[in-house]
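Notes follow the structure.
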Amino acid sequence: MAESGPQFTYPGVEAAADLSGKQWHFVRFSAARAVNQASEAVNSGLAGVLQDKPNASGKPASVAYSGVSKVVAGAAITANDIISTNGSGRAITVVSGAIAGGRALTAAGADGDIITAFLFPPFRWAGAV
């Protein structure tokens with residue numbers, strides 16, 4: 001069962017669009033203190049995982065960048081995989097050159113599964129998986 005736990009979030013961040021359908025998806029910085037759905041794994045603006053459902057631009061958004069969080073999977077993921085994001089903001093297993101954002105604590109069998117991950121501040125993954 002996916003769970004959330006202690007985490008660090010960015011203070012004063014707002015949604016750049018209606019993100020009500022993107023809870024537990026990866027988001028990226030799109031402007032000063034504003035986030036939108038992460039659009040690709042190599043996006044250096046990866047911020048973390050959206051924790052709530054802001055329904056309009058300018059609404060407060062809670063974005064976790066470190067700690068335990070639920071995350072929507074974009075494909076099958078093995079527990080302990082380092083994760084990144086696909087073009088829809090969903091978690092996938094990281095590939096070299098992509099931005100890593102966490103480690104899967106539970107497995108996903110398919111796209112749309114909700115897993116538990118340990119998030120860490122995003123960085124470009126250069127090693128083998």
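The values are calculated or read from the model by the stated rules, or taken from the named source; none is laboratory data. Here the structure is a predicted model, which is why all the values come from computation and not from measurement. Every residue, glycine among them, receives a Cβ derived from its backbone with ideal geometry; neighbour counts consider all protein chains shown. With ligands, DNA and RNA removed, areas are computed over all heavy atoms of the protein, side chains included. Shrake-Rupley method; radii C 1.70, N 1.55, O 1.52, S 1.80 Å.
Roll a 1.4 Å probe over the protein heavy atoms and report the accessible area of Val95 in Å², nearest 10.
Here the accessible area works out near 90 Å².
Over region 45-92, consider all pairs of different Cα atoms and compute the Kirkwood hydrodynamic radius from their mean reciprocal separation; express it in Å, one decimal. Don't skip to the end; give the middle numbers.
Numbers: mean 1/r = 0.0829 Å⁻¹.
Computed over region 45-92, the radius equals 12.1 Å.
Which ³J(HN,Hα) values, rounded to whole Hz and listed in residue order, are derived for region 80-89 from phi using the Karplus coefficients 6.51, -1.76 and 1.60 in 6.51 cos²θ - 1.76 cosθ + 1.60 with θ = phi - 60°, glycine and proline given as x?
Going residue by residue, I get 5, 5, 6, 10, 9, 10, 9, x, 9, x Hz, with x marking Gly and Pro.
Would you kindly find the accessible area of Tyr10, with a 1.4 Å probe and non-protein molecules such as ligands, DNA and RNA excluded, rounding to the nearest 10 Å²?
For Tyr10, the solvent-accessible surface is approximately 60 Å².
Which value in Å does the Kirkwood hydrodynamic radius of the chain take, with 1/r averaged over all unlike C-alpha pairs and then inverted?
Final number for the Kirkwood radius of the chain is 13.9 Å.
Could you state the accessible area per residue of the chain in Å², with a 1.4 Å probe and every protein chain left in place?
On the way: 5830 Å² over 129 residues.
Solvent-accessible surface per residue comes out at 45 Å².
In what sequence, largest accessible area first, do Arg90, Arg33 appear using a 1.4 Å probe?
Descending order: Arg33, Arg90.
When the solvent-accessible surface of protein heavy atoms is calculated with a 1.4 angstrom probe, in what order do Asp113, Asp18, Asp81 fall, highest first? Please list the in-between numbers first.
On the way: Asp113 60, Asp18 90, Asp81 30 Å².
Putting Asp113, Asp18, Asp81 in descending order of accessible area: Asp18, Asp113, Asp81.
Students sometimes get this wrong: rank Phe29, Phe8 by accessible area, probe 1.4 Å, all chains present, largest first.
Result of the area sort, largest leading: Phe8, Phe29.
If the cut-off is a Cα-Cα distance under 13 Å, which aspartates and glutamates reach Lys59, setting aside same-chain residues fewer than 8 apart in sequence?
Glu14, Asp18
Could you tally the net charge around Leu119, taking each other residue with its Cβ under 11 Å from the Cβ of Leu119, Lys/Arg +1 and Asp/Glu -1?
On the way: positive: Lys70, Arg103; negative: none.
Net of charged neighbours comes to +2.
Using a 1.4 Å probe over the heavy atoms of the protein chains, calculate the carbon and sulfur portion of the accessible area of the chain as a whole percent.
Details: 3160 of 5830 Å².
So the carbon and sulfur contribution to the accessible surface is 54 percent.
Would you kindly state how much longer the chain becomes between Lys59 and Ser20 on full extension, computed as 0.36 nm times their sequence separation minus their alpha carbon distance, in nm to one decimal?
13.0 nm
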